[in-house]
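First the structure, in the form of structure tokens, and then the observations on it.
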Amino acid sequence: MESKKKLRVFVRCPDLGLSTRALILAPDLTLRRLKLSFLPQSLLSQTLTLDSLYFCLNGKPLPDSSSLAAAGIPNSSALTLRLRLRGGGGDGGATGAESRDCYLNMYATKKPDKVDPNETRLSKWTTCALSAEPLVPPCVIDRLGNLFNKEPLVEALLHKKLPKEFSHIRGLKDMIPIHLTPIPSAADSETKFQCPITGQEFNGKYGFLVIRGCGHVLSVKALKEVESSTCLVCHKEFSNMDKIVINGSAEEVRALREMMEEERGRLKGRKEKKVGTCLSGTKHAINEKDGTLDDRKKDGGGKRFKAVDMMPAHATKEVYASIFTSSKKFDFQETFTCRSLPLGRN
Ligand SMILES: [Zn+2]
């Protein structure tokens, strides 16, 4: 009967700043259930799930599926609930501190709180793709059809903290302000917006488009039914290129990406052309004799300034020039097995 005796266990979670609690527990309670009862529901979110925490006893990680008795937890011991460090594996799992058993267990046991696809869909349409907070105007959309609250996106962009998946957002010009039409009586429902024409809810069940010029968000159905080349809300004209599909299929996102890249290529070409004309037209050079500005074009392409011309007497030409350039060629070779570096160059 000894094994049926209840255990007194101290549970602490310094990672989340929770205070230590003394609990009397049945030995057949699993660590997972203990986790559930110890953590306040309010703390769990999309980023902090049950799986992002694990129990440790004296520094040794314990698998969630085992019971207190099976994990060999003695009476009056102190368990620590730790936050998993996001490791190099990209799965948010291994910390390197875990035993192999624990690692294998992670994959062997079926994850009970697998994400519901319906929920994922809804959250894509009702929350910011970056902050995961509910969408609250002012909202913006990127060139690929992802929805954001403007503030966290601008903040992340300013502090260069945008995750890689949003690296296509390079500046304010890549955020298109959008106008979402609120559902008047939807204060506490999850879907808060709708199509101003058809009344279809903005919940992922229907296709929606943003018109780039004015930012109005309309259902695909509305635009199909009323064939028009002007916005159905503000009557501003738009072309097919101005339509951005919101949360589109992989195929639609690929098309949007292509369009964005093509447009960037065009813009770049135009810019280079501009710089080219500027160079040949109005470049000024400093007259070397009297230090005044003179028009390079007038004197037929003035002498190019070279660092060595200003070289102090007795300086070695090569050494002096090397202060300004790094173009000296070395006659050593790199092969795929060996990175050859001359001594002292690193
Ligand atoms: Zn409009």
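Could you please find all residues in segment 192-206 being open to solvent by 70 Å² or more (accessible area, probe 1.4 Å), under 17 Å from Asn247 (Cβ atoms) and within 16 Å of the ligand (Cβ to nearest atom)?
Filtering segment 192-206 down to residues open to solvent by 70 Å² or more (accessible area, probe 1.4 Å) leaves 192, 197, 201, 205-206.
Restricting the remaining residues to those that are under 17 Å from Asn247 (Cβ atoms) gives 192, 201, 205-206.
Scanning segment 192-206 gives no hits.
Please work out if Arg254 is open to solvent by 40 Å² or more (accessible area, probe 1.4 Å), more than 20 Å from Thr127 (Cα to Cα), away from the ligand (no atom under 16 Å from the Cβ) and outside the structural domain of Ala132 (by TED's automatic domain parsing).
Yes: the conditions hold for Arg254.
Give the number of residues within segment 23-42 that are open to solvent by less than 60 Å² (accessible area, probe 1.4 Å) and over 12 Å from Phe55 (Cα atoms). It would help to see each step written out before you state the result.
Narrowing segment 23-42 to residues open to solvent by less than 60 Å² (accessible area, probe 1.4 Å): 23, 25-27, 29-32, 34-35, 38-40.
Now drop any that are not over 12 Å from Phe55 (Cα atoms), which leaves 23, 25-27, 29, 39-40.
Of the residues in that region, 7 qualify.
Restricting to segment 207-226, and then to whatever is modelled with pLDDT of 95 or more and assigned to a loop (DSSP other than H, G, I, E, B), can you tell me which residue is farthest from the ligand (Cβ to nearest atom)?
Step by step, filter segment 207-226, then rank; the result is Gly207.
State whether one or more residues within segment 26-44 are outside any helix (DSSP H, G or I) and in contact (Cβ under 8 Å) with a residue 60 or more places away in the chain. I'd like the intermediate steps shown before the answer.
Within segment 26-44, the first condition is being outside any helix (DSSP H, G or I), and the residues that meet it are 26-30, 39-40, 44.
Still in the list and also in contact (Cβ under 8 Å) with a residue 60 or more places away in the chain: none.
No, because not a single residue in segment 26-44 is outside any helix (DSSP H, G or I) and in contact (Cβ under 8 Å) with a residue 60 or more places away in the chain.
Condition first: of a type in the set (Val, Ile, Thr) and touching a Pro at 6+ places or on another chain (Cβ under 9 Å). Now tell me which residues in segment 146-188 satisfy that. Walk me through it before giving the result.
Residues of segment 146-188 of a type in the set (Val, Ile, Thr): 154, 169, 176, 178, 181, 183.
Those that are of a type in the set (Val, Ile, Thr) and touching a Pro at 6+ places or on another chain (Cβ under 9 Å): Ile178, Thr181.
Check Ser189, Ser167 and return the single one that is small (Gly, Ala, Ser), over 18 Å from the mean Cα position of the chain (by Cα) and away from the ligand (no atom under 16 Å from the Cβ).
One residue alone meets the criteria, Ser189.
Being of a type in the set (A, V, I, L, M, F, W, C), more than 7 Å from the ligand (Cβ to nearest atom) and outside any strand (DSSP E or B) is the filter here, so list the residues in segment 227-244 that pass it. Can you show your working first?
Just the residues of segment 227-244 that are of a type in the set (A, V, I, L, M, F, W, C), to begin with: 231-234, 238, 241, 244.
From what is left, the residues that are more than 7 Å from the ligand (Cβ to nearest atom) are 232, 238, 241, 244.
Result: Leu232, Phe238, Met241.
Out of all the residues in segment 207-224, which are touching a residue at least 24 places away in the same chain (Cβ under 8 Å), surrounded by fewer than 17 Cβ atoms within 10 Å (Cβ to Cβ) and over 20 Å from Glu262 (Cα atoms)?
Scanning segment 207-224 gives a single hit, Lys221.
The values are calculated or read from the model by the stated rules, or taken from the named source; none is laboratory data. Note that this is a predicted model, so its numbers are computed, not measured. For neighbour counting, all protein chains shown are included, and Cβ atoms are generated from backbone atoms with ideal geometry for every residue, glycine included. Side chains are part of the model used for accessible areas, which takes the heavy atoms of the whole protein and leaves out ligands, DNA and RNA. Shrake-Rupley method; radii C 1.70, N 1.55, O 1.52, S 1.80 Å.
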